[in-house]
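The values are calculated or read from the model by the stated rules, or taken from the named source; none is laboratory data. All of these numbers come straight from a predicted model, not from anything done at the bench. Cβ: placed from backbone, ideal geometry, glycine included. Neighbour counts: every protein chain shown.
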Amino acid sequence: MIKLVYCLKKIGMNEFNYVIGATRQVRDGLIFWDEKAKEYVDTYYQGDEQNARGTRFYRGIIKTRIILDSLFEKGEGFRSVFDDQNLLASACIIEETSIFLEEELVDCIEIESIVNSPWNLIKYLVPEKRKGAATAIIEGIIKENREKRLSRILKLFAVPEEKNFYTDLGFEETNGSGEMILSENQASMFLLALDQKRNSTAFD
């Protein structure tokens, strides 16, 4: 488990623990996600999740189901972060693959179905909400790959509503299909920017 500290706009710092694999804690966390999602549907969407269509919360419900279906088959590739409440805050599945960059086939890590907890996706203010989880899980993946001497190039597919977020982190779209790449150089810049934010906040 790797402890990560993510600073949000100098307002304060949210801490996340990075977890490798589909541990019992992760499985319990996903069950809690399901329970909370149903609670939010009942409270905010008249008991029908279809009323949430088109929202980040609804997309999160669908992505969570995809992850749950892959949990046992791809458990070794499961990555997640837990927040300072010890709640599962974000999760994804990664796998080693390759991609053509500048006409050369290079190794990279593909991130599949990255999704935040329902309380971090719903637009309503709920006490469990903690910002920075998706950024923290990407940071954790980069640092893990560096420690294991794996490729620090990351690839993912983003829906249009998510592209601006990943662009802000340094990802670049490749071919208009939603495929986005974080190069090794951009990964290093990403880590450097986070460290600078933490240091500036520490002295505010």
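Of 115, 126, all but one fail to be within 21 Å of residue 54 (Cβ to Cβ), touching a strand residue (DSSP E or B) at 6+ places or on another chain (Cβ under 9 Å) and of a type outside the set (S, T, N, Q); the exception is 115.
Condition first: among the polar types (S, T, N, Q), closer than 18 Å to residue 142 by Cα and surrounded by 14 or more Cβ atoms within 10 Å (Cβ to Cβ). Now tell me which residues in region 68-97 satisfy that.
At the first step, the residues of region 68-97 found to be among the polar types (S, T, N, Q) are 70, 80, 85-86, 90, 97.
Checking the rest, the ones that are also closer than 18 Å to residue 142 by Cα come to 80, 90, 97.
Within region 68-97, 80, 90 qualify.
Does residue 154 satisfy being surrounded by 21 or more Cβ atoms within 10 Å (Cβ to Cβ) and either farther than 28 Å from residue 37 by Cα or among the aromatic types (Phe, Trp, Tyr) (or both)? The answer is yes for residue 154.
Could you run through region 74-99 and say how many residues are more than 13 Å from the chain's Cα centre (by Cα) and either over 24 Å from residue 152 (Cα atoms) or of a type in the set (Lys, Arg) (or both)? Working first, answer last.
Restricting attention to region 74-99, the residues satisfying the condition of being more than 13 Å from the chain's Cα centre (by Cα) are 74-77, 84-87, 95-99.
Subsequent filtering for residues that are either over 24 Å from residue 152 (Cα atoms) or of a type in the set (Lys, Arg) (or both) retains 74, 84-87.
Total satisfying the criteria: 5.
Hey, can you tell me all the residues within region 110-160 that are in a strand (DSSP E or B) and among the basic types (Lys, Arg)? Step through it out loud before you land on a result.
Going through region 110-160, the residues in a strand (DSSP E or B) turn out to be 110-116, 154-157.
155 - this is the single residue of region 110-160 that is in a strand (DSSP E or B) and among the basic types (Lys, Arg).
When region 94-104 is filtered for residues that are in a strand (DSSP E or B), of a type outside the set (Gly, Ala, Ser) and under 16 Å from residue 180 (Cα atoms), the ones remaining, listed by number, are 94, 95, 96, 97, 99, 100, 101. Exactly one residue out of 93, 62 is touching an Asp or Glu at 6+ places or on another chain (Cβ under 6 Å) and either closer than 23 Å to residue 163 by Cα or at pLDDT 90 or above (or both), and it is 93.
If I filter region 31-67 down to residues being in contact with a Leu (Cβ under 6 Å, 6 or more places away or on another chain) and not aromatic (Phe, Trp, Tyr), which single residue comes out as surrounded by the most Cβ atoms within 10 Å (Cβ to Cβ)? Reasoning before the result, please.
If we filter region 31-67 for residues that are in contact with a Leu (Cβ under 6 Å, 6 or more places away or on another chain), which is where we start, we get 56-57, 60.
Then keep just the ones that are not aromatic (Phe, Trp, Tyr); that gives 56, 60.
Numbers: 56: 17, 60: 21.
Only one residue tops the list, namely 60.
Taking each residue of region 60-72 that is within 16 Å of residue 36 (Cβ to Cβ) and looking for partners that are of a type in the set (D, E, K, R) and in a helix (DSSP H, G or I) with beta-carbon atoms closer than 7 Å, six or more apart or interchain, yields 61/49.
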